[in-house]
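Worksheet: the structure to be examined is printed underneath.
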Amino acid sequence: MKLPNALAPALDYFRRHVSQEMVSNERLALLLGTAGILVLLSTLYGFWSLTSQMGKQLVVSKSSLARLQAEVTGDAWPKRLETTQALKTQISVRLWEAPTAGLAEAGFETWIRTHFSTYGGTIQPVQITRSPAVGRDGQTTPTLAGLQRMTAKVIAPFDQAIVLQVLADAAEADKIIVVDRAIVRAGINSRLEMDISTFIRTGEPGAKVGP
């Protein structure tokens with residue numbers, strides 16, 4: 001293989017002067033040999049470190065895969081699914097049921113009026129609103145799809161004994177009933193303002209929302 005003419009003088013000079021000096025100068029040869037050994041050792045150490053790190057990662061990956069396989073092939077997931085289904089059934093049973101949304105609102109208002117009147121209380125006309133159920137972040141998730149919140153605004157003369165009885169009934173009700181807000185307006189004729197909510201499932205038998 002022929003070298004370019006520009007490199008020929010430099011190669012000739014190296015052969016006649018530098019190479020002979022390297023052979024005759026033992027110290028220089030020793031330094032170059034030591035440098036070569038150090039470079040080789042550094043390269044081998046780098047490969048060893050890389051191999052060791054990859055081996056550790058492989059061990060961690062195998063351990064994670066073994067745990068995942070144990071969870072998938074074991075009975076943990078079926079048990080969790082059974083627990084989730086049971087919880088879903090319990091929650092569904094506690095939703096307010098009615099053939100239509102209008103009847104659900106009427107039934108909820110009847111529940112409120114009955115429990116106030118049972119203890120001698122009277123309330124003004126109840127205003128009920130419905131809205132999609134949302135999570136803590138204010139968003140409607142797929143789990144909450146079709147679930148609506150019915151909120152009744154209750155205004156009545158304030159009587160502490162009556163309020164405590166109604167709150168106790170709400171806590172022990174077989175349906176989900178939540179007291180969102182309770183405010184007492186002080187004065188000669190003190191007044192109670194209370195927001196009470198429950199939930200209905202839309203698009204399912206027994207809880208279909210209609211006009």
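Any chance you could count how many residues in region 68-90 are modelled with pLDDT of 65 or more and surrounded by 10 or more Cβ atoms within 10 Å (Cβ to Cβ)?
Number satisfying all stated conditions: 4.
For the condition modelled with pLDDT under 90, of a type in the set (Val, Ile, Thr) and more than 12 Å from Phe199 (Cβ to Cβ), what is the one hit in Thr114, Thr143?
On the way: Thr114 fails: modelled with pLDDT under 90.
Going through Thr114, Thr143 in turn, the sole match is Thr143.
Residue-by-condition table, conditions (1) modelled with pLDDT of 90 or more; (2) touching a strand residue (DSSP E or B) at 6+ places or on another chain (Cβ under 8 Å); (3) exposed (fewer than 15 other Cβ atoms within 10 Å of the Cβ):
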{"site": "Ile123", "(1), (2), (3)": "yes, yes, no"}
{"site": "Gln127", "(1), (2), (3)": "yes, yes, yes"}
{"site": "Ala133", "(1), (2), (3)": "no, yes, no"}
{"site": "Arg136", "(1), (2), (3)": "no, no, yes"}
{"site": "Ala156", "(1), (2), (3)": "yes, yes, no"}
{"site": "Leu164", "(1), (2), (3)": "yes, no, yes"}
{"site": "Ala168", "(1), (2), (3)": "yes, no, yes"}
{"site": "Asp180", "(1), (2), (3)": "yes, yes, yes"}
{"site": "Asn189", "(1), (2), (3)": "no, yes, yes"}
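For region 94-112, give me each residue that is surrounded by 18 or more Cβ atoms within 10 Å (Cβ to Cβ) and either among the basic types (Lys, Arg) or not in a helix (DSSP H, G or I) (or both).
Leu95, Trp96, Ala98
The values are calculated or read from the model by the stated rules, or taken from the named source; none is laboratory data. This is a predicted model, so every value here is computed, not measured. Virtual Cβ from ideal backbone geometry, glycine too; neighbours counted across all protein chains shown.
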